[in-house]
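What follows is one structure encoded as structure tokens, with my remarks underneath.
The values are calculated or read from the model by the stated rules, or taken from the named source; none is laboratory data. Predicted, not measured: the structure shown is a model, and the values here were computed from it. Quick reminder, even Gly has a Cβ in these numbers, built from the backbone with ideal geometry, and neighbours come from all protein chains shown. These area figures cover heavy atoms from the full protein model, side chains too; ligands, DNA and RNA do not enter into them. Shrake-Rupley method; radii C 1.70, N 1.55, O 1.52, S 1.80 Å.
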Amino acid sequence: MQRTLSLAAAKSPSSTSALCLRPLMAKLQCRTIQNFPSLSSSSVAKVDKVCRNVSQLQFKRENASCFKLACALPSISSLSYATQWSGSSLSSLGSSFRTFPWRYFSQVPNTGNKDKIVKKFNKKHEVLASSGVEAVVTSSEPAIGGVSNGIKVELSTAASPPASNGKKVEDKSSSTVLVSEEVSVEESLKTVPKPKTSASGNRKSSSAKKEVAKSSSPSAKASNTPKQKQVPQATPMQNSIEHRGQNASKPLFPPSGKSVIVVESITKAKVIQGYLGDMYEVLPSYGHIRDLASRSGSVRPDDDFSMVWEVPSSAWTHIKSIKMALNGAENLILASDPDREGEAIAWHIIEMLQQQGALHESMTVARVVFHEITESAIKTALQSPREIDGDLVHAYLARRALDYLIGFNISPLLWRKLPGCPSAGRVQSAALALICDRESEIDGFKPQEYWTVGIKVQGKDSSSTVSAHLTSLNSKKLNQLSISSEEDAQDIEQRIRSEGFLVKGIKKSTTRRNPPTPYITSTLQQDAANKLHFSSAYTMKLAQKLYEGVQLSDGNSAGLITYMRTDGLHIADEAIKDIQSLVAERYGENFTSDGPRKYFKKVKNAQEAHEAIRPTNIRRLPSTIASLLDADSLKLYTLIWSRSVACQMEPASVVQIQVDIGNASESIIFRSSCSKVGFLGYQAVYEDPETKTIKTKDDEKSSEREETFETLSLLKDGDPLHIGEVELKQHHTQPPPRYSEGSLIKKLEELGIGRPSTYASIFKVLQDRKYLTIKSRVLYPEFRGRMVSAFLTNYFTEVTDYSFTADMETELDNVSGGVTNWKGLLRDYWTRFSAYCKRVENVQIQQVEKMLEKKYEDFLFSSLPDPTRTCPSCSEGTLIFKVSKFGTGYFIGCDGYPSCKFIAKTLYGEDEDEDDSPRNTCVEEPKLLGLHPNTNEKVILKCGPYGYYVQLGEDKKGHLPKRANAAHIKDVSSITLESALELLRYPLTLGTHPEDGQPVTLKLSKSGFTVRHRRTMATVPKNTEPSEVTLEKAMKLLSGKNVRLCGRPKRIKPTVDEESEGDEVVEAM
């Protein structure tokens, strides 16, 4: 063994840690035991001693993998160690034998024939020289989840790259079979080939310098390498994801056998099936087939960030369809979307099919990406397949783990400190902070008054008038706030009317307006919001349909646009040539740019992995497909078509004229300016009849602008002018505008927060959690959202910090590029984040209340009539912000509770619903109606959070006064002492029910009168006076159709007979 390790070490050019040798030592132990089954415990101790000595060596780290060392060992035989390493055989070796401890496992349904499963498993997972050593999973390991809920897979990642895996074949105490996985490693006796990038732009496989992200299914690859006298040089891992494909280098078109292609949607599957014919079977996966289990503990930082995956029951149908289609197939082609999520979907599919035993060794498993759904693009992509990109999968794992850890650790804290407020998520929290910060700016904004002075002037030889505005007064240039009052404006007006004015200067200039960049995801969403009034989610929904394709008039199907989730601005050279050719034919040679226009992204953290959004065929004009699309889809396609054409056209030329008008001393200067288009350039496409569906109606403004330009052009320096009307206008400075969807996306893009695939989901999450509302395309934060944002900003600084969130996106992009280790990133973040969580656990609710009260004091107490916030009920306490102890409500109440229970305003209640009538937030002094004739107690009319009510007696400690709801009375000023006493009579007992003797009562609620018997309730008709309701009428109402149940049913303890009957049922089950 020492000689073997020495030879293996000699092949490595740099050092590696002793920790990475543990899988190799375990493998040596295993093989020693297999070769010498009669070893005594002392012999095993010697083996262990050798391994410990070897662990002190410093090995070199080329591609940092102990699998290279493991592969260098000569193959012993095709043995299955899973059956040999049973608990009994290991215990007989004593405590000196210690196997590699890291493991991960998955759970599969029990088919009922365990022997058959074990036999099949052992046959697939023979330990050869090319595979990693297997770790033992003892029979005491519990199963993850239940079989009835679908497969739940735990993905565990070791701290060192060469994690070796074992398997548990059978557990007789459980109805499931736990299976761990091993990492398949391609092995070659020749030199290592360098990975290449395919011609279609597919990413090359990442090197083995990254850690192994362990999956949840066993490898299906093995080799039959014979024993070698010399240690062969093994091929290093091309990718650190175990199941990344096999035999993925050969072209898959033209077809050589049956191939199964898996895409994400059924629409895309139908279109691609029509292109490729019967040799290919195209199936949809309907998105992700598994995800992190939606429960606490699915990401385990203490277990090296292992993950528990769960397959939804609906996904099993799709997995089964793919598995059945693979019978007799030679190729499995994974063609999910060309982004990080699509790469993860492909990886999940391979993992699940491996686990189901659907992939055999000779089958080709490859990944291809379709940037556009056209016949030529699909066939070209099939000629350049590749393996799963491990770096993209690692980035997906890191993002999912981060979002999960934030959500499942902050949410419980929020529920305890701010009931009813779940976490908003990592990216959503930063977006919410932007919206709430803008709202705070608006709340704190103090408008300032200012005035503008304008005049209407007319030339000597012209009947047309033009407008001019005051720019200089007393030979000083004015700013926005220079004229601050009406008096100043009127003084200026008098000076103007007493002066004569003439042209003091004319300036003409020509500027060029460059064409806009082609669309990326963010700019498409912004333009669709601003020009078409589409929400970002609706825009992406329509774009998805255009990308997946429609059936054309000739019977063929085709995708209309390229992939719509992108931040890249480049366009393929062939597409640029087609655009320039169309421009020359349609608008003229002078509208075509001299050469191809290249655009580059200047926004932070741009990945530019895909083309910009453009039509797949630029000659497919909007008018030719108008009958195939709905109105909104046609508008969006027209928007994309016109932008793609415009980006390759010549700049527009704009002529500007500026005329200065002043008095003789030039102490007063007015300026009038106007512009007109000299050369349309790229703007010609927006004048095209093809773009009429998105054209704005500004014909009148353009004609007026041209008339003004001509009038100014006729003026000459020194020409006297006639001053007509003098316009004085009052203005006030405006607060910064609230964000719209488009402007928020632009801001997030500038800050580098989020990615193309996340923009649309941000608004949906915040709306679903009632953190914001969208009115007339403007985002308004709810107070619930402002509370959450303030809480996170105060106690979790990094979660809402813009630069931190942007830097995290950069780190995730570095993981995608293979620069950053994904588990190191998680470990670094979790160290800081867990410290925040521990500190917040000790924060009291009273501290949170004081923090929110201080931050939002103006908002909370601005409606109170008394600025001192004195309680109007007890006149002693102070009104403060409180969190309800009995639900999810927040209110303004007296700090003298429980002696004073006055509530001035309720912000949220326990059963908040959009259909509920708005709650009364008025704060009024209680009104004394008079004294009760019998008890001499005060009868008071009060206003509470649910409307007006009358109360008998004053609030006293330990005494709850009788109250009656008066919300059903529209004119509260008409309530007198007599009517209040009538209301206080209720609830009134009408009698007892003839069947059970329980009382039947007449009650008064905010909607009117009702009769009630136990949990049964019926509404009294509005045309019936309460004095007319007798026991007989109440019984008729309770037996009628309009009866409902109220309250919670009482829990009735089962009788002895019922308990014994229940036990029998359980035993029978």
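Here the range 510-535 is the region considered, the condition is being assigned to a loop (DSSP other than H, G, I, E, B) and polar (S, T, N, Q), and the residue that is surrounded by the fewest Cβ atoms within 10 Å (Cβ to Cβ) is Asn514. Return yes or no: is Pro301 on the phi < 0 side of the Ramachandran plot, in contact with a helix residue (DSSP H, G or I) (Cβ under 7 Å, 6 or more places away or on another chain) and surrounded by fewer than 18 Cβ atoms within 10 Å (Cβ to Cβ)? Considered against the rule, which asks whether it is on the phi < 0 side of the Ramachandran plot, in contact with a helix residue (DSSP H, G or I) (Cβ under 7 Å, 6 or more places away or on another chain) and surrounded by fewer than 18 Cβ atoms within 10 Å (Cβ to Cβ), Pro301 comes out as yes.
When the residues of the range 807-862 are filtered to those that are open to solvent by less than 60 Å² (accessible area, probe 1.4 Å) and of a type in the set (Gly, Ala, Ser), which remaining residue is modelled with the highest pLDDT? Per the criteria, the residue is Gly824.
Condition check ((1) over 19 Å from Asp389 (Cβ atoms); (2) not charged (D, E, K, R)) across all residues:
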{"site": "Asp291", "(1), (2)": "yes, no"}
{"site": "Pro301", "(1), (2)": "yes, yes"}
{"site": "Thr317", "(1), (2)": "yes, yes"}
{"site": "Ser321", "(1), (2)": "yes, yes"}
{"site": "Ile333", "(1), (2)": "no, yes"}
{"site": "Ile350", "(1), (2)": "no, yes"}
{"site": "Leu353", "(1), (2)": "no, yes"}
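Checking each residue in the range 426-446 for being modelled with pLDDT of 90 or more, of a type outside the set (D, E, K, R) and open to solvent by 50 Å² or more (accessible area, probe 1.4 Å) picks out only Phe445.
Taking into account only those residues within the range 311-367 that are of a type in the set (S, T, N, Q) and part of a helix (DSSP H, G or I), which is least open to solvent (accessible area, probe 1.4 Å)? Restricting to residues being of a type in the set (S, T, N, Q) and part of a helix (DSSP H, G or I), the top hit is Gln354. Taken over the range 619-642, the criterion of being open to solvent by 10 Å² or more (accessible area, probe 1.4 Å), under 15 Å from Val685 (Cα atoms) and either small (Gly, Ala, Ser) or without any contact (Cβ under 8 Å) to a residue 60 or more places away in the chain (or both) is satisfied by Arg619, Ser623. Mind checking which residues of the range 408-425 are of a type outside the set (A, V, I, L, M) and open to solvent by less than 10 Å² (accessible area, probe 1.4 Å)? Listed by number, the residues that qualify are Cys421, Ser423. Taken over the range 845-859, the criterion of being touching a residue at least 40 places away in the same chain (Cβ under 8 Å) and part of a helix (DSSP H, G or I) is satisfied by Ile845, Val848, Met851, Leu852, Lys855, Asp858, Phe859. Take the residues of the range 748-759 that are open to solvent by 20 Å² or more (accessible area, probe 1.4 Å) and in a helix (DSSP H, G or I): which is nearest to Ser536 (Cα to Cα)? Residue satisfying both the conditions and the ranking: Glu749. Could you tell me whether the range 773-787 includes any residue that is closer than 17 Å to Asp403 by Cβ and not polar (S, T, N, Q)? No, the range 773-787 contains no residue that is closer than 17 Å to Asp403 by Cβ and not polar (S, T, N, Q). Inspect the range 256-266 for any residue being within 27 Å of the chain's Cα centre (by Cα) and modelled with pLDDT under 85 and give the result as yes or no. Taking every residue of the range 256-266 in turn, none turns out to be within 27 Å of the chain's Cα centre (by Cα) and modelled with pLDDT under 85. Looking across the range 546-563, just one residue is within 18 Å of Ala377 (Cα to Cα) and either free of Cβ contacts under 8 Å to residues at least 60 places away in the same chain or charged (D, E, K, R) (or both), and that is Glu548.
Of the candidates Leu779, Leu826, Leu812, the single residue that is under 29 Å from Gln525 (Cβ atoms), in a helix (DSSP H, G or I) and not charged (D, E, K, R) is Leu812.
Could you check the range 494-509 and list, in sequence order, the residues that are assigned to a strand (DSSP E or B) and open to solvent by 100 Å² or more (accessible area, probe 1.4 Å)? Across the range 494-509, the qualifying residues are Lys507, Lys508.
Of the residues examined, Thr523 is one that is without any contact (Cβ under 8 Å) to a residue 12 or more places away in the chain, out of contact with any strand residue (DSSP E or B) (no Cβ under 7 Å at 6 or more places or on another chain) and closer than 20 Å to Asp632 by Cβ. Within the range 277-290, restricting attention to residues that are open to solvent by 20 Å² or more (accessible area, probe 1.4 Å) and touching a residue at least 40 places away in the same chain (Cβ under 8 Å), the residue that is nearest to Ala835 (Cα to Cα) is His288. Within the range 972-1004, the set of residues being open to solvent by 80 Å² or more (accessible area, probe 1.4 Å), assigned to a helix (DSSP H, G or I) and over 20 Å from Glu937 (Cα atoms) comprises Ser973 only.
For Leu772, state whether it is open to solvent by less than 10 Å² (accessible area, probe 1.4 Å) and either within 17 Å of Gly420 (Cβ to Cβ) or touching an Asp or Glu at 6+ places or on another chain (Cβ under 9 Å) (or both). When the stated conditions are applied, Leu772 passes them.
Among the residues of the range 658-698, which ones are open to solvent by 20 Å² or more (accessible area, probe 1.4 Å) and aliphatic (A, V, I, L, M)? Across the range 658-698, the qualifying residues are Ala664, Ile669, Val677, Leu680, Ile694. Taken as a whole, the structure places Gln480 among residues that are open to solvent by 60 Å² or more (accessible area, probe 1.4 Å), assigned to a loop (DSSP other than H, G, I, E, B) and either more than 30 Å from Arg643 (Cα to Cα) or of a type outside the set (D, E, K, R) (or both). Taking each residue of the range 805-826 that is more than 22 Å from Asp302 (Cβ to Cβ) and looking for partners that are crowded, with 22+ Cβ neighbours inside 10 Å and of a type in the set (Gly, Ala, Ser) with beta-carbon atoms closer than 7 Å, six or more apart or interchain, yields Thr805/Ala430; Leu812/Ala395; Leu812/Ala398; Ser816/Ala395; Gly818/Ser206.
For the structure I just gave you, tell me whether Val393 is under 16 Å from Lys250 (Cβ atoms) and under 29 Å from the mean Cα position of the chain (by Cα). When the stated conditions are applied, Val393 does not pass them.
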